[in-house]
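The values are calculated or read from the model by the stated rules, or taken from the named source; none is laboratory data. If you're wondering where the values come from, they're calculated on a predicted model, not measured in any experiment. Here the Cβ positions follow ideal geometry from the backbone for every residue, glycine too, while neighbour counts run over all protein chains shown.
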């Protein structure tokens, strides 16, 4: 049964969906009418509720994608279509030690935190204080703060405070500046992922990865196109989530001491 502080998705359709934390009392106003939130308390996920205009909303359990897309943004975010591939091509698991460089708005941070719990930890580095504070607030909103440690630091100049990472995620304008530090911090054979919006960035990043001791370097771009399914016919929608970022995947090679 739903209670105050529970997170819900009020769903009338893709153009009328709202992510809410239930209060003790109050109402929520939409273009489909007002909803008395007190009437939701005691209901269960999957139940329906009507607005004062008679429009039906369903009370759904929010997905990680809902949470990531609904963070308060001060930067661009990592989209769910990219995050899914990043998780599958790295070692992120319950108990993992994961490093993120560039907290941004915290969308990827909360996804990573969900997968490392209950024993793992996400160490999220961000040089800009305003971005860091916003990311903290977003992660706290979704109840995942105990699995995240935020660090205000310029990794390119200072390196990492943490060692033996199972995976490293880099979301910076100039990712090549931290690749040497990443090689020192990442476990042997483990994966690094870098996100960049422009081709010029990935060309330089790939070159530096090769020089610093990474192999199995792959660059991919994911496009998401939804289908419109109707009785009159099925076809792709006119709009789609196209380019968001190029994803660069690489795995660490242990450097050999040639003097031995």
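Here is a yes/no grid of residues against (1) under 19 Å from the mean Cα position of the chain (by Cα); (2) on the phi > 0 side of the Ramachandran plot:
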residue	(1), (2)
224	yes, no
233	no, yes
238	no, no
242	yes, no
253	no, no
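Taking the criterion of being touching a helix residue (DSSP H, G or I) at 6+ places or on another chain (Cβ under 9 Å) and touching a residue at least 24 places away in the same chain (Cβ under 8 Å), the residues of the range 147-163 that qualify are 147, 148, 150, 151, 152, 155, 156, 159, 160, 162. Restricted to the range 98-122, and to residues there that are over 14 Å from the mean Cα position of the chain (by Cα) and crowded, with 18+ Cβ neighbours inside 10 Å, the residue that is farthest from residue 161 (Cα to Cα) is 120. Checked against (1) buried (at least 18 other Cβ atoms within 10 Å of the Cβ); (2) modelled with pLDDT of 95 or more, residue 146 passes all but a single condition, namely (1).
Conditions tested, residue by residue: (1) touching a strand residue (DSSP E or B) at 6+ places or on another chain (Cβ under 8 Å); (2) without any contact (Cβ under 8 Å) to a residue 60 or more places away in the chain.
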residue: 11; (1), (2): yes, yes
residue: 15; (1), (2): no, yes
residue: 41; (1), (2): no, yes
residue: 62; (1), (2): yes, yes
residue: 79; (1), (2): yes, no
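If you go through the range 166-186 one residue at a time, do you hit one that is in contact with a strand residue (DSSP E or B) (Cβ under 9 Å, 6 or more places away or on another chain), without any contact (Cβ under 8 Å) to a residue 12 or more places away in the chain and in the same structural domain as residue 91 (by TED's automatic domain parsing)? Looking for residues that are in contact with a strand residue (DSSP E or B) (Cβ under 9 Å, 6 or more places away or on another chain), without any contact (Cβ under 8 Å) to a residue 12 or more places away in the chain and in the same structural domain as residue 91 (by TED's automatic domain parsing), one finds none in the range 166-186, hence no.
Here residue 53 fits the description: farther than 30 Å from residue 242 by Cβ, touching a strand residue (DSSP E or B) at 6+ places or on another chain (Cβ under 9 Å) and surrounded by fewer than 16 Cβ atoms within 10 Å (Cβ to Cβ). For the range 208-217, the criterion of being at pLDDT 95 or above, in a loop (DSSP other than H, G, I, E, B) and closer than 21 Å to residue 83 by Cα is met by none of the residues. When residue 47 is tested against the conditions (1) under 21 Å from residue 168 (Cβ atoms); (2) in contact with a strand residue (DSSP E or B) (Cβ under 7 Å, 6 or more places away or on another chain); (3) at pLDDT 95 or above, the lone failure is (1). Taken as a whole, the structure places residue 217 among residues that are surrounded by 10 or more Cβ atoms within 10 Å (Cβ to Cβ) and either more than 23 Å from residue 177 (Cβ to Cβ) or touching a helix residue (DSSP H, G or I) at 6+ places or on another chain (Cβ under 8 Å) (or both). Figure legend. Inter-residue proximity from the range 104-124: first residues touching a residue at least 60 places away in the same chain (Cβ under 8 Å) and outside the structural domain of residue 77 (by TED's automatic domain parsing), second residues crowded, with 22+ Cβ neighbours inside 10 Å and in a helix (DSSP H, G or I), beta-carbon distance below 9 Å, spacing 6+ or different chains. No pairs are indicated. Among the residues making up the range 111-157, those that are under 22 Å from residue 85 (Cα atoms) and in a strand (DSSP E or B) are 121, 122, 123, 124, 125, 148. Can you name the number of the only condition in (1) surrounded by fewer than 16 Cβ atoms within 10 Å (Cβ to Cβ); (2) modelled with pLDDT of 95 or more that residue 181 fails? Just one mismatch for residue 181, condition (1).
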